Amino acid sequence: MERGEANFEQFSAASSVAALAAQGENTANKVLKLETDSGWSPVDVKSVVHTSWLVLRLVIPLFLFTMILYAFAYFITVNDSRSGFFGPSITPEILMIKAQSERLETIAAPDIAFFGDSSCLMDIDIPRLQSQLTAIRSMESYCTLAFLGPAGFKAQIDKMLSRGAVPRRLVLVFNWIGFDRHKDWDGWINYALNGPPALQAPSMGSVLDYMRRKWVDEAVYAPLPGTFGLYYGGASAFERTIRENHGSAIDPTHGLDITSLTDMRKSLVGYTPTFQRQPARATINEAFREAVKELALTVDRVGRDRIYLILTPLPDIIYFGSAVTGMAEAAQKIQDDLGLSHDHILQTGRAMEAPYFSGGTHLNRWGREVFTDEVAKVMRERFQERTASRRALPAAGEQ
């Protein structure tokens with residue numbers, strides 16, 4: 001019985017093998033028929049080698065060219081002392097410093113030069129101001145950030161003076177936000193003069209960022225973050241705006257939905273400020289005052305009779321109580337520490353309606369027009385008065 005079962009299993013296995021062999025023969029016959037009918041071979045080694053060679057003839061030169069280009073870009077990146085300006089995570093603040101430092105090194109001495117924080121850059125429209133002061137031939141703003149403070153502005157002015165560019169008048173502009181100065185802000189002074197640290201052993205991504213920002217930024221759209229990207233677009237467009245507007249720009253955070261200054265003024269009819277719980281802390285601390293005393297050394301070099309001071313306005317909703325007395329005391333302390341006479345303080349309004357602001361420090365596009373017109377009025381009156389008084393003085397030897 002057992003022998004019969006074994007014979008049956010052997011017979012079944014042999015039958016399976018025979019069936020598989022028959023199936024393989026049928027498949028082979030089909031392949032042979034397909035090869036005969038179409039001339040195609042299942043494995044044509046010569047054809048594969050030829051095709052691969054054609055592909056490699058295109059890919060290898062392209063790969064080598066790309067590597068050479070990347071090596072060149074890498075070499076340029078690590079040897080560019082200002083490569084930090086072209087790295088990743090570029091912000092509007094860094095671009096302000098970049099644009100203004102480049103202008104500071106190249107532009108001839110203007111009749112009037114502005115130095116100060118970003119409220120100066122965003123709140124004073126230099127082309128609009130120039131158009132209202134026709135007796136002034138040239139006007140430039142080199143304003144950057146409150147982080148630099150008076151000592152940083154001194155370093156900028158010294159840099160300008162070192163190449164013999166001495167303006168006829170120099171206007172210092174401060175905002176209340178910088179009065180409470182912190183020690184860790186001092187690093188921004190070197191940052192403004194020498195740029196951010198150069199890219200050391202940069203990654204491929206950093207090199208590609210450098211290439212894009214340095215060479216093809218105009219052609220490749222890479223918007224800035226937030227509303228700056230919506231309003232300006234990319235970094236190069238923001239820098240170009242600063243250059244073309246003689247060192248001034250617009251803070252687009254608020255106010256873009258209003259199409260004209262007339263409409264802005266209409267929206268303020270019946271406006272009543274809703275005061276915040278706490279006023280602005282517009283009090284000068286010791287670190288700020290020490291920095292002003294450093295700035296006074298450069299004021300002496302330029303000449304006190306050429307120096308003027310402006311304090312940019314606060315939103316009216318935080319200008320009450322201690323903020324009012326703080327701003328008055330701040331103006332007096334800065335005046336005293338710089339050794340300026342009272343008529344060199346350009347008395348503009350200390351506060352403006354809150355809807356004119358993009359935030360707590362910068363005016364929006366319509367607020368800057370109102371404030372610029374106010375600055376123009378004060379400058380026109382002050383400078384004309386001084387010109388008239390000089391003409392009235394007798395020449396030496398006539399007394």
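The values are calculated or read from the model by the stated rules, or taken from the named source; none is laboratory data. Remember, it's a predicted structure, so these values are computed and weren't measured experimentally. Ideal geometry is used to build each Cβ from the backbone, glycine not excepted, and the neighbour counts take in all protein chains shown.
Going through (1) over 27 Å from Gly229 (Cβ atoms); (2) modelled with pLDDT under 70; (3) of a type outside the set (Val, Ile, Thr) one by one, Pro88 falls short only on (1). One residue stands out among those in the stretch 261-290 that are part of a loop (DSSP other than H, G, I, E, B) and without any contact (Cβ under 8 Å) to a residue 24 or more places away in the chain: the one that is farthest from Leu224 (Cα to Cα), which is Gly270. With respect to the stated conditions, Ala328 fails to be part of a helix (DSSP H, G or I), out of contact with any helix residue (DSSP H, G or I) (no Cβ under 8 Å at 6 or more places or on another chain) and modelled with pLDDT under 95.
Condition check for Asp251 on (1) under 15 Å from Pro92 (Cβ atoms); (2) at pLDDT below 95; (3) of a type in the set (Asp, Glu): one failure, at (2). Of all residues in the stretch 230-260, those that are part of a loop (DSSP other than H, G, I, E, B), within 24 Å of Ser101 (Cβ to Cβ) and free of Cβ contacts under 8 Å to residues at least 40 places away in the same chain total 1. In the set Val166, Val171, only one residue is more than 13 Å from His246 (Cα to Cα) and either surrounded by fewer than 23 Cβ atoms within 10 Å (Cβ to Cβ) or within 19 Å of the chain's Cα centre (by Cα) (or both); that residue is Val166. Do we have Val166 as under 21 Å from Arg306 (Cβ atoms) and part of a loop (DSSP other than H, G, I, E, B) here? Spelling it out, Val166 is indeed under 21 Å from Arg306 (Cβ atoms) and part of a loop (DSSP other than H, G, I, E, B). Here Asp209 meets the list (1) more than 25 Å from Thr348 (Cβ to Cβ); (2) without any contact (Cβ under 8 Å) to a residue 60 or more places away in the chain almost entirely, failing just condition (2).
Suppose we keep only residues that are buried (at least 18 other Cβ atoms within 10 Å of the Cβ) and touching a residue at least 60 places away in the same chain (Cβ under 8 Å) within the stretch 174-187. Which one would you say is nearest to Ala135 (Cα to Cα)? Explain how you work it out, then say what you get.
Applying the first criterion (buried (at least 18 other Cβ atoms within 10 Å of the Cβ)) to the stretch 174-187 yields 174-179, 181, 185.
Then drop every residue that is not touching a residue at least 60 places away in the same chain (Cβ under 8 Å), which leaves 174-179, 181.
Values: Phe174: 25, Asn175: 28, Trp176: 31, Ile177: 33, Gly178: 32, Phe179: 34, Arg181: 37 Å.
This residue is Phe174.
Look at the stretch 117-167 and say how many of its residues are among the charged types (D, E, K, R) and in contact with a strand residue (DSSP E or B) (Cβ under 7 Å, 6 or more places away or on another chain). Explain how you work it out, then say what you get.
Within the stretch 117-167, the first condition is being among the charged types (D, E, K, R), and the residues that meet it are 117, 123, 125, 128, 137, 140, 154, 158-159, 163.
Remaining after also requiring in contact with a strand residue (DSSP E or B) (Cβ under 7 Å, 6 or more places away or on another chain): 117, 123, 140.
Summing the residues that are among the charged types (D, E, K, R) and in contact with a strand residue (DSSP E or B) (Cβ under 7 Å, 6 or more places away or on another chain) in the stretch 117-167 gives 3.
Among the candidates Met160, Met96, the residue that is of a type in the set (A, V, I, L, M, F, W, C), within 19 Å of the chain's Cα centre (by Cα) and outside any loop (DSSP other than H, G, I, E, B) is uniquely Met96. The number of residues in the stretch 326-347 being in contact with a Ser or Thr (Cβ under 7 Å, 6 or more places away or on another chain) and on the phi > 0 side of the Ramachandran plot comes to 0. Annotation: Ala113 fulfils all but one of (1) buried (at least 23 other Cβ atoms within 10 Å of the Cβ); (2) closer than 22 Å to Met327 by Cα; the unmet one is (2).
Of all the residues in the stretch 116-149, those that are surrounded by fewer than 21 Cβ atoms within 10 Å (Cβ to Cβ) and either free of Cβ contacts under 8 Å to residues at least 60 places away in the same chain or part of a loop (DSSP other than H, G, I, E, B) (or both) number 7.
The rows are residues; the columns are (1) under 20 Å from Gly152 (Cβ atoms); (2) among the aliphatic types (A, V, I, L, M); (3) at pLDDT 95 or above.
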site: Lys266; (1), (2), (3): no, no, yes
site: Arg277; (1), (2), (3): no, no, no
site: Ile284; (1), (2), (3): yes, yes, yes
site: Ala287; (1), (2), (3): yes, yes, yes
site: Ala291; (1), (2), (3): yes, yes, yes
site: Val302; (1), (2), (3): yes, yes, no
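Just a yes or no: is a residue in the stretch 359-378 surrounded by fewer than 20 Cβ atoms within 10 Å (Cβ to Cβ) and modelled with pLDDT under 95? Within the stretch 359-378, one or more residues are surrounded by fewer than 20 Cβ atoms within 10 Å (Cβ to Cβ) and modelled with pLDDT under 95. Annotation: of all residues in the stretch 35-61 being at pLDDT below 55 and assigned to a helix (DSSP H, G or I), the one that is nearest to the chain's Cα centre (by Cα) is Ser38.
Among the residues here, Ile310 does not qualify as in contact (Cβ under 8 Å) with a residue 40 or more places away in the chain and in a helix (DSSP H, G or I). Give the residue that is surrounded by the most Cβ atoms within 10 Å (Cβ to Cβ), with candidates limited to residues of the stretch 247-286 that are among the acidic types (Asp, Glu) and out of contact with any strand residue (DSSP E or B) (no Cβ under 8 Å at 6 or more places or on another chain). Among those that are among the acidic types (Asp, Glu) and out of contact with any strand residue (DSSP E or B) (no Cβ under 8 Å at 6 or more places or on another chain), it is Asp263.
Evaluate the following for Thr312: is it buried (at least 21 other Cβ atoms within 10 Å of the Cβ) and over 15 Å from Val173 (Cβ atoms)? For Thr312, the condition - buried (at least 21 other Cβ atoms within 10 Å of the Cβ) and over 15 Å from Val173 (Cβ atoms) - is not met.
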